[in-house]
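Note sheet for the following structure.
The values are calculated or read from the model by the stated rules, or taken from the named source; none is laboratory data. None of the values given here were measured: they were computed from a predicted structure. So basically every Cβ, Gly included, is an ideal-geometry build from the backbone, and we count neighbours across all protein chains shown.
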Amino acid sequence: MKPLTEVHEIAQIAYGFIGSKALFASLNNGLFECLADQSKSLSEISAETNHPENLIETLAIACVSLGLLEFDGSTYKNAPATRRYLLRSSKAFFGDYYRFQIDRQVYPNLAGLDRALGGDEVAGLYTGGFSDLSRAVDFTRGQHAGSLGPAFVLARSVDLSGVETLLDVGGGSGAFCIMLCKRFPQLKATIADFPNVLEVARYFVEESDLADRIDFISAKDGFNGWPEQADAVLMSYLCSAIGRSATKDFVSHSFDTLSPNGRLFIHDFMVDDDHQGPSMAACWSLAMTMGNPDSTVIRPAMIEALLEEIGFTDIRIKPLIAGITSLVEACRP
Ligand SMILES: C[S@@+](CC[C@H](N)C(=O)[O-])C[C@H]1O[C@@H](n2cnc3c(N)ncnc32)[C@H](O)[C@@H]1O
C-alpha cells in the first residue's frame, strides 16, 4: 500500500462507513430490487418502495455517487455489479450476507472496538455460543450467502477424490461441505458447530439433497462427539475468530483425529508476512478482535510454524479469494 499523502485520502477512510450503510439500506429498503427489470424515475421509485421522494432521492444519489446505481438525468438504473451481485434473481446474489451478517451484527459490533483493543471482554460475534436463536439464524443465513462463492472456489482448488470422510469444524451453514460433496461424489462430511447454527445448516443440507451424506455434531461439548477418525479436516473462517490458544487446541485435536496421510485445510483471512496487507484481510482480522482478546492477525509464517510444531508436514499456503483469504493445506504423516 502506498503511504497516503492527501487529506481527501484520509477522508475516504473516515467516511467510508456511510457508504457501507448506504449499501445496506438500499438492500434493506428494496431500492435495487425496485430497479431489477427496468430503469425508473424518482416518483416511481418512491411509490414502489413506499419512501418519501426527498429521502429516497438522497439515498439514490448516494448510490449513484458510489457507483451502485446509474442516473441518466431522469431515471435511475442498477450498475452492472449491482445487477450481478445484489439482485435476488441473480445466481451470484450475495446481498443477504451484507444484510444479515455485516449490517446486523458486524457493523454494530464494531462500536466496541476501542474497548476490545484494550483487551476488555466485549461481546463478539460468537459470544455465548450463539445461544440466541435469532442471532444464530441471521448470522448463519448471511454466512451461507457469503460462503457459497469461496466454497465453490475451494472445491475447485483441492483434490479430495481419495477422501471418504471430512470433518468441517465451525462448519456454519454447511456451505463448504455442500460444495465439496457436490464436487466429490464419494465424500461424506460432518459439520461441527453450535446447536442453533446447526438448525440452519440442516435446512441448507436438506435443500441441497445431501442429508444422507452430511451429518452434524454439536460443538457445545468441546471436542466430545468428534469422530474417532477423519480423512480430512476443514476449518474455514474459524481460526481468525477463536484466537491463538483455541486455534492451537483445535489444530492439535485435528492432528489426533486425522488418519495417516490425512489432510488439514485451513481457509481464513491471512495477511502477508511482510505486514503490508492485503487491506481487506487486515481489516477483517481487526474486526475479529471483537469478543476475543486472544485473537491475532494470521500470517503464513505463523501458521506454518504452528503446524510444524504439532507435527504436520507438506505444508502449502496459497491465496484463495484474492486480497482476502488464503488456503493452507497440510498432511498428518
Ligand atoms: C465465520 S463462521 C464460518 C462458517 C463456515 N466455516 C464458513 O466458512 O462458511 C465461523 C463459525 O465458527 C463457529 N464457531 C465459533 N467458535 C466455535 C467453537 N468453539 N466450536 C465450533 N464452532 C465454532 C461459529 O458458530 C460459526 O458458525
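Name the single residue, out of those in segment 261-278 being assigned to a strand (DSSP E or B) and within 16 Å of the ligand (Cβ to nearest atom), that is surrounded by the most Cβ atoms within 10 Å (Cβ to Cβ).
Initial filter on segment 261-278 (assigned to a strand (DSSP E or B)): 261-269.
Okay, now just the ones that are also within 16 Å of the ligand (Cβ to nearest atom), so 264-269.
Working: L264: 26, F265: 22, I266: 28, H267: 26, D268: 24, F269: 24.
Looking at residues that are assigned to a strand (DSSP E or B) and within 16 Å of the ligand (Cβ to nearest atom), I get I266.
Of the numbered conditions (1) within 20 Å of D314 (Cα to Cα); (2) buried (at least 22 other Cβ atoms within 10 Å of the Cβ); (3) β-branched (V, I, T), V205 satisfies every one except a single condition; which is it?
(1)
Only one of G73, G16 is surrounded by fewer than 16 Cβ atoms within 10 Å (Cβ to Cβ), on the phi > 0 side of the Ramachandran plot and not assigned by TED's automatic domain parsing to the domain that holds S147; which?
Details: G16 fails: on the phi > 0 side of the Ramachandran plot.
After ruling out the rest, the residue left standing is G73.
Which one of these is more than 16 Å from the ligand (Cβ to nearest atom) and either within 21 Å of G124 (Cα to Cα) or assigned by TED's automatic domain parsing to the domain that holds Q186 (or both): T289, T313, T325?
Values: T289 fails: more than 16 Å from the ligand (Cβ to nearest atom); T325 fails: more than 16 Å from the ligand (Cβ to nearest atom).
Exactly one of T289, T313, T325 is more than 16 Å from the ligand (Cβ to nearest atom) and either within 21 Å of G124 (Cα to Cα) or assigned by TED's automatic domain parsing to the domain that holds Q186 (or both), namely T313.
Which condition does S252 not pass, out of (1) farther than 20 Å from S295 by Cα; (2) within 15 Å of the ligand (Cβ to nearest atom); (3) of a type in the set (S, T, Y); (4) at pLDDT 95 or above, if it passes all the others?
With (1) farther than 20 Å from S295 by Cα; (2) within 15 Å of the ligand (Cβ to nearest atom); (3) of a type in the set (S, T, Y); (4) at pLDDT 95 or above applied to S252, the lone miss is (1).
Of the conditions (1) part of a helix (DSSP H, G or I); (2) of a type in the set (F, W, Y); (3) away from the ligand (no atom under 13 Å from the Cβ), F93 clears all except one; give me its number.
Every listed condition holds for F93 apart from (1).
Table: residues versus (1) farther than 19 Å from N261 by Cβ; (2) at pLDDT 95 or above.
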| residue | (1), (2) |
| --- | --- |
| M280 | yes, yes |
| T289 | yes, no |
| V297 | yes, yes |
| L306 | yes, yes |
| R316 | no, yes |
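Just to verify a result, which residue in segment 144-167, among those that are touching a helix residue (DSSP H, G or I) at 6+ places or on another chain (Cβ under 6 Å) and not hydrophobic (A, V, I, L, M, F, W, C), is farthest from G225 (Cα to Cα)?
G146
Against the condition more than 11 Å from the ligand (Cβ to nearest atom), assigned to a strand (DSSP E or B) and among the small types (G, A, S), how does A189 come out, does it pass? Step through it out loud before you land on a result.
Details: more than 11 Å from the ligand (Cβ to nearest atom): yes; assigned to a strand (DSSP E or B): yes; among the small types (G, A, S): yes.
Considered against the rule, which asks whether it is more than 11 Å from the ligand (Cβ to nearest atom), assigned to a strand (DSSP E or B) and among the small types (G, A, S), A189 comes out as yes.
So F204 fits all but one of (1) under 23 Å from N292 (Cα atoms); (2) touching a Ser or Thr at 6+ places or on another chain (Cβ under 7 Å); (3) in contact (Cβ under 8 Å) with a residue 60 or more places away in the chain; what number is the exception?
The failed condition is (1).
Within segment 195-229, restricting attention to residues that are at pLDDT below 95 and of a type in the set (F, W, Y), which residue is farthest from G128 (Cα to Cα)?
The qualifying residue farthest from G128 (Cα to Cα) is W226.
If a residue must be under 22 Å from L154 (Cα atoms), of a type in the set (A, V, I, L, M, F, W, C) and in contact with a helix residue (DSSP H, G or I) (Cβ under 8 Å, 6 or more places away or on another chain), how many such residues does segment 269-287 contain?
The number of residues fulfilling the criteria is 4.
Give me the residue from segment 212-237 that is aliphatic (A, V, I, L, M) and closer than 22 Å to F139 by Cα and, out of that set, nearest to the ligand (Cβ to nearest atom). Walk me through it before giving the result.
Filtering segment 212-237 for residues aliphatic (A, V, I, L, M) gives 214, 217, 219, 230, 232-235.
Filter again for closer than 22 Å to F139 by Cα, leaving 214, 217, 219, 234-235.
Numbers: I214: 13, I217: 9, A219: 3, L234: 8, M235: 7 Å.
Step by step, filter segment 212-237, then rank; the result is A219.
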